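The values are calculated or read from the model by the stated rules, or taken from the named source; none is laboratory data. What you see is a predicted model; the values in this text were computed from it and never measured. Cβ: placed from backbone, ideal geometry, glycine included. Neighbour counts: every protein chain shown. The protein model used for the area step is the full one, side chains on, heavy atoms only, and it has no ligands, DNA or RNA in it. Shrake-Rupley method; radii C 1.70, N 1.55, O 1.52, S 1.80 Å.
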Amino acid sequence: METKSKTQKKQRPTLPNIDSFTHVRGQSLFVDDMTLQEGTLHAAIIGSTIAHGYITQIDYAEAEKLAGVIKIFTANDIRGENQIGGIIPDEPLFAEKDIHFWGQPIGMIIAESDFIARKARSLVKIQYEELPVITTAKEAKDKGQFVAGSRTFQLGDCEQAFKNCEYIFEGETFSNGQEHLYLETQGAYAVPMENGNIKITSSTQGPTAVQRTAARVLGIPMHKIEVEVIRLGGGFGGKEDQATPWAVMAALATQVLNQPVKLVLNRHDDLHMTGKRHPYESSFKIGLNKELKIMAYQAEFLQNAGAAADLSPAIAERTLFHSTNAYFVPNVQTSVYQCKTNLPPNTAFRGFGGPQGMYVIESAIALAAREIGVPAHRIQEINLLQEGDEFSYGQIAKQVEAQNSWQKAKQSYQLQKLEEEVAAFNKQNDQLKKGLALMPIAFGISFTNTRMNHARALVHIYEDGSVGISTAAVEMGQGVNTKMLQIASEQFGLPLHKVKLEPTNTTRVANTSPSAASATADLNGKALQRACKVLKARLCLAASQHLNIDASDAEFHNEQVLIKDKPLSLDWYQLVTEALNQRICLSENSHYATPEIHFDKGEEKGHPFAYHVYGTAIITCTLDCIRGRYNIDAVQIVHDYGQSMNEGIDLGQVEGGLAQGIGWMTMEEIAYGADGRLHSNALSTYKVPDLFSTPDILDTIALDSLGHEMAIKKSKAVGEPPLMYGIGVYFAIQNAISAFNPKYTPQFNSPMTPEKALMSLYEK
Ligand code: MTE
Ligand code: HPA
Ligand code: MOS
């Protein structure tokens, strides 16, 4: 099968991802590729083999006897606090007695080789007393088990509004979790420096989180720990918080043994021990008037948080922020419960709770459309956000592109013709049916926690005129390093090879937020722009003094310094030398904090997002009604990139995000046993999208939008939003099922696996 993917826009050449050269040659460095120091030891984690209960006895004798085993670490070896909870201190690094999920770390074997460490692990004998296991959010809620309090967003008066609705529908939905399946598993390498200092190289989205937590667990100040990140072989949110324990464990062993320690999880351990996207069980009530305007919407989200809070409170909050997706609803009441279960703590995953919220209102609209007997896209279109509309959390929608992207998609991709084709096809075919659905998105850009929206960048101009830049941005495949390089080379008018991007390191850029929330390029790019501008101003000053002219508005192009397009007698390199002669500082560490944003958690109102990203996808699929198999024929998207600063990279994010969204909605089926053990623990049982599950045709059109001042170079954040186009695929398949089986009552139980599709086709 051939997948065609093209972007229609003015063709500007874009800088290829700067990592592509070393990636395709296998030369890019990841934690597992690092050259190891002499004396490096290896770690294997002892994980619990029950999901709930307590340890009654542990026998390490056999393991300890194995030649090459250096030491077995438990909670008793921790010199600081046995605590890694980021938002809420509710999670030990190593279980002391109580066990709350299958795979929970109990201890760590340090040995001369990875093989010995794992062999020793198999010799540890643990006895448990088991307690009842909770795996579903509903059960946890019924038993009053939560990791944190519930939240409610409210706009208008739902109760009153429902009284005047022509149509009211209620329903229930389930969306399953999702495994991150980053190509590079979790891992870290800790090396002892002098005087008890430790350097950790970690595959983390949050270097400061690693540093902060290592300091806490090791009982030493943060300045004694340096965290470096070269790049990640994917994070997808799974390394925002959950890269931390492994890095801390490696550091702990290094602290005690004063030797380098490498800890890289194998795939099996990674799958069992780490949290995933949160499954949600939700219920909704939607009310529409005669004109199909949604007048009231209520939803209750039960978030399956797993055994500890991790990032669940922030994720729950984003579910509420996005519970009305790209629609204006005047009366809204949405609540989220963070239910404590015996699953590994669930965590950030591309979209951060937003997709779970959007899936529910899309389900509500699909149900309403079916019951009223209109296409869902009629209801969707009528209710799209307009300029000046209020979100349920009080932010007023500005520079709204919901209508624009929708109308452009409708026209460019000829929605009416598509509908006619689908109808004609369905009339002619008994065993194959086509389905069509539209999916608009509106995704807020900024960390929902206002205080996290800041970053810094450190720029050195070296005496030969070459430049080194450090930011807090972590490269995880999303291309942020390429974007940073573009900014600096443009600011200084230097060719790319004169600018170098350093690995992310906490000693160069400190106290940073993780690379997440799609905001990495905005935050770090703005800080970098500032740093470059400060340095340019200093260089201008040097030029003014040296040439005795006013060079304050000089510009930098092609290694030249220009005033009104005329080059000065000094080029970039000579000016750098002159500035150093004048003893001017050519290093700068600049700070950026997103202006204007705020949020009041007491009132649940504010202006949390710098801006929103919009777009619309039209999805068509063909369902094989004998086998339940389906093919995604086309996903045709109009996406709001703003003024994309790198169209190639941004298109890659749309494609990758969409594929991940399709996987979540159609095939990725996480399965835990009633005992809390992960059954889908290999790629034979956990199906992820491959080339055959991507659409035959993937078209994207860049919406000609202005971008936004708060987006770097008006190039809007692109990392997470496209994932949510995948939600439309669920409904396209559902529409194909309905075309075959008029008795089918739509269920909102994702993923729509071929098995579920088949059952639905023959439901009576
Ligand atoms: N793309 C790749 N290739 N690898 C990743 O790990 N993570 C996603 C998205 N795109 C990810 C990715 C997630 S969850 C986020 S929040 C953003 O990238 C983070 O990067 P950004 O802030 O630079 O967009
Ligand atoms: N996205 C990712 N991480 C976060 C967020 C968010 O919105 N808020 C707090 N941590
Ligand atoms: Mo992304 S889920 O914010 O790392």
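Across segment 449-470, which residue is surrounded by the fewest Cβ atoms within 10 Å (Cβ to Cβ) among those that are within 16 Å of ASN589 (Cβ to Cβ) and within 16 Å of ligand 2 (Cβ to nearest atom)? In this case the residue turns out to be HIS454. When THR685 is tested against (1) buried (at least 17 other Cβ atoms within 10 Å of the Cβ); (2) over 23 Å from GLN478 (Cβ atoms), just one condition goes unmet, and that condition is (1). A search for C-beta distances below 6 Å between a residue of segment 381-408 that is assigned by TED's automatic domain parsing to the domain that holds MET439 and crowded, with 17+ Cβ neighbours inside 10 Å and any residue that is at pLDDT below 95 and part of a loop (DSSP other than H, G, I, E, B), counting only pairs 6+ apart in sequence or on different chains, returns GLU401/SER705. Here segment 307-325 is the region considered, the condition is being touching a Ser or Thr at 6+ places or on another chain (Cβ under 8 Å) and away from ligand 3 (no atom under 15 Å from the Cβ), and the residue that is farthest from GLY728 (Cα to Cα) is ALA307. Assessment of segment 299-306 against the conditions (away from ligand 3 (no atom under 16 Å from the Cβ), surrounded by fewer than 24 Cβ atoms within 10 Å (Cβ to Cβ), among the polar types (S, T, N, Q) and more than 22 Å from THR204 (Cα to Cα)) yields no matching residue. For segment 336-343, the count of residues that are under 27 Å from LYS398 (Cβ atoms) and either touching a His at 6+ places or on another chain (Cβ under 8 Å) or small (Gly, Ala, Ser) (or both) is zero. Each residue in segment 74-104 was checked for being surrounded by fewer than 22 Cβ atoms within 10 Å (Cβ to Cβ) and part of a strand (DSSP E or B), and 1 of them qualify.
Okay, residues lined up against (1) under 28 Å from ALA516 (Cβ atoms); (2) touching a helix residue (DSSP H, G or I) at 6+ places or on another chain (Cβ under 6 Å); (3) free of Cβ contacts under 8 Å to residues at least 60 places away in the same chain:
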| position | (1), (2), (3) |
| --- | --- |
| GLY652 | yes, no, no |
| GLU668 | yes, no, no |
| ASN681 | yes, yes, no |
| TYR686 | yes, no, no |
| ASP699 | no, no, no |
| ALA739 | no, yes, no |
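Is it the case that SER446 is at positive phi, of a type outside the set (A, V, I, L, M, F, W, C) and surrounded by 24 or more Cβ atoms within 10 Å (Cβ to Cβ)? Here the answer is yes, as SER446 does meet what is asked. Only one entry in GLY196, GLY238 is modelled with pLDDT of 95 or more, outside the structural domain of GLU720 (by TED's automatic domain parsing) and more than 16 Å from ligand 2 (Cβ to nearest atom), namely GLY196. All conditions but one from (1) hydroxyl-bearing (Ser, Thr, Tyr); (2) outside any strand (DSSP E or B); (3) in contact with a Lys or Arg (Cβ under 6 Å, 6 or more places away or on another chain) apply to THR49; the one that does not is (3). Criterion first (open to solvent by less than 10 Å² (accessible area, probe 1.4 Å), within 29 Å of PRO375 (Cβ to Cβ) and among the β-branched types (Val, Ile, Thr)) does ILE225 satisfy it? It is false that ILE225 is open to solvent by less than 10 Å² (accessible area, probe 1.4 Å), within 29 Å of PRO375 (Cβ to Cβ) and among the β-branched types (Val, Ile, Thr).
Here the condition is being under 40 Å from the mean Cα position of the chain (by Cα), hydrophobic (A, V, I, L, M, F, W, C) and open to solvent by less than 50 Å² (accessible area, probe 1.4 Å); of ILE597, ILE584, ILE563, it holds for ILE597 alone.
All of (1) among the charged types (D, E, K, R); (2) under 30 Å from GLU490 (Cβ atoms); (3) surrounded by fewer than 22 Cβ atoms within 10 Å (Cβ to Cβ) hold for ASP690 with one exception: (2). Might you check whether a residue that is buried (at least 24 other Cβ atoms within 10 Å of the Cβ), in contact with a Pro (Cβ under 6 Å, 6 or more places away or on another chain) and outside any helix (DSSP H, G or I) occurs anywhere in segment 229-242? Within segment 229-242, one or more residues are buried (at least 24 other Cβ atoms within 10 Å of the Cβ), in contact with a Pro (Cβ under 6 Å, 6 or more places away or on another chain) and outside any helix (DSSP H, G or I). Being assigned to a helix (DSSP H, G or I) and under 22 Å from HIS639 (Cβ atoms): is that true of LYS398 here? Criteria not met by LYS398. Among the residues of segment 675-691, the ones that are out of contact with any Ser or Thr (no Cβ under 7 Å at 6 or more places or on another chain) and not in a loop (DSSP other than H, G, I, E, B) come to 1 in all. All told, ALA473 meets the bar of being within 18 Å of the chain's Cα centre (by Cα), buried (at least 19 other Cβ atoms within 10 Å of the Cβ) and either within 16 Å of ligand 3 (Cβ to nearest atom) or not in a strand (DSSP E or B) (or both). Taking the stated definitions as given, is LEU485 away from ligand 1 (no atom under 16 Å from the Cβ), surrounded by 19 or more Cβ atoms within 10 Å (Cβ to Cβ) and touching a residue at least 60 places away in the same chain (Cβ under 8 Å)? Judged against the criteria, LEU485 is not a match. Only one entry in LYS290, LYS224 is out of contact with any Asp or Glu (no Cβ under 9 Å at 6 or more places or on another chain) and charged (D, E, K, R), namely LYS224. Are any of the residues in segment 313-323 buried (at least 24 other Cβ atoms within 10 Å of the Cβ) and more than 16 Å from ligand 2 (Cβ to nearest atom)? No; the residues of segment 313-323 include none that is buried (at least 24 other Cβ atoms within 10 Å of the Cβ) and more than 16 Å from ligand 2 (Cβ to nearest atom).
Residue pairs whose Cβ atoms lie under 6 Å apart, sitting 6 or more positions apart in sequence or on different chains, and linking a residue in segment 511-539 that is outside any helix (DSSP H, G or I) to a partner that is open to solvent by 30 Å² or more (accessible area, probe 1.4 Å), are SER513/MET452.
Between ALA243, ALA253, the distinction of being assigned by TED's automatic domain parsing to the domain that holds GLU112, touching a strand residue (DSSP E or B) at 6+ places or on another chain (Cβ under 8 Å) and within 16 Å of ligand 1 (Cβ to nearest atom) belongs to ALA243 only. For segment 324-358, the set of residues classified as open to solvent by less than 10 Å² (accessible area, probe 1.4 Å), within 16 Å of ligand 1 (Cβ to nearest atom) and hydrophobic (A, V, I, L, M, F, W, C) consists of ALA348, PHE349, MET358, listed by residue number. Looking across segment 603-656, the residues that are open to solvent by less than 30 Å² (accessible area, probe 1.4 Å), in a strand (DSSP E or B) and aromatic (Phe, Trp, Tyr) come down to TYR611, TYR614. Of the strands (runs of 3 or more DSSP E) lying entirely inside segment 115-220, those containing at least 2 residues that are surrounded by fewer than 20 Cβ atoms within 10 Å (Cβ to Cβ) and charged (D, E, K, R) are 125-130, 167-175.
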